[in-house]
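The structure appears right after this line, and notes come after that.
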Amino acid sequence: MRLPMDRIGRALRANWRGAAVVVAAAVLALAIPGLREASAGAVAAIVLLTAPVRRRRVAADVERTTDTELRTLDGEAWVSARPGSFEHLVVGPSGAYLLETRRFAGEAMLREGALSLRRDGAWHGDDGLATRLRANARDARRLLGAANINWVAPVVVLWCEFPATLAEHGGVTYVHGSRLTDWLE
């Protein structure tokens, strides 16, 4: 029983609002007879709902890292925006790009056309990333069509060990974050 309590404690420390809700639920459960069983389910639901908050925060931190890199581009020649569901939409002299940022633990490389990650000595592929990004680039192209921009290149920005630093497959470019601005220019 110690392991689940440690996990609950970590989740609550990562999200203080969730902790406040759990405390309020516990107080109500103790104060009102018959709510003990229902509150146990509510606490479990709250813990499960707060776990993704940490992942979203990490994703936002990685996106800010890409934002920092994009700020080094010439502000008069480049426009970077985060419209709607797109992570980064960048337009400049060399074209229009839809950027999706990823940070992984382990080494990344393209294997058989799919981004693969090496963790614990084994390779794991993500076949759906390129497909999703190409579809999002088509949506961005429709959005930018009014500005007479007819092509948006899908790009995955990797903040992890990526020995190739730059690779392309199936119309999707994979670039290490440290090379992003050099590649765009």
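The values are calculated or read from the model by the stated rules, or taken from the named source; none is laboratory data. Predicted, not measured: the structure shown is a model, and the values here were computed from it. Methodologically, a virtual Cβ is constructed for each residue, glycine included, from the backbone with ideal geometry; neighbour enumeration extends over all protein chains shown.
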Return the residues of the range 123-172 that are among the hydrophobic types (A, V, I, L, M, F, W, C) and more than 23 Å from Thr65 (Cβ to Cβ); say none if nothing qualifies. Trp123, Ala135, Leu143, Leu144, Ala146, Ala147, Ile149, Trp151
Among residues of the range 85-103, those that are polar (S, T, N, Q) and either outside the structural domain of Asn136 (by TED's automatic domain parsing) or within 11 Å of the chain's Cα centre (by Cα) (or both), counted: 1
Taking the range 88-124 and keeping only residues that are closer than 30 Å to Gly145 by Cα and not hydrophobic (A, V, I, L, M, F, W, C), one is left with His88, Gly92, Pro93, Ser94, Gly95, Tyr97, Glu100, Thr101, Arg102, Gly113
If you check every pair at least six apart or on different chains, which have Cβ atoms under 8 Å apart with a residue in the range 106-123 that is closer than 17 Å to His176 by Cβ and at pLDDT 90 or above first and a residue that is among the aliphatic types (A, V, I, L, M) and outside any strand (DSSP E or B) second? Met109/Ala164; Leu110/Ala164; Leu115/Leu129; Leu115/Ala130
Note down all Cβ pairs under 7 Å where the first residue falls in the range 134-155 and is touching a residue at least 60 places away in the same chain (Cβ under 8 Å), the second is of a type in the set (D, E, K, R), and they're at least six residues apart or on different chains. Val152/Arg141
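Conditions tested, residue by residue: (1) crowded, with 17+ Cβ neighbours inside 10 Å; (2) on the phi > 0 side of the Ramachandran plot; (3) not in a strand (DSSP E or B).
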| residue | (1), (2), (3) |
| --- | --- |
| Leu110 | yes, no, no |
| Leu117 | yes, no, no |
| Trp123 | no, no, no |
| Asn136 | yes, no, yes |
| Trp151 | no, no, yes |
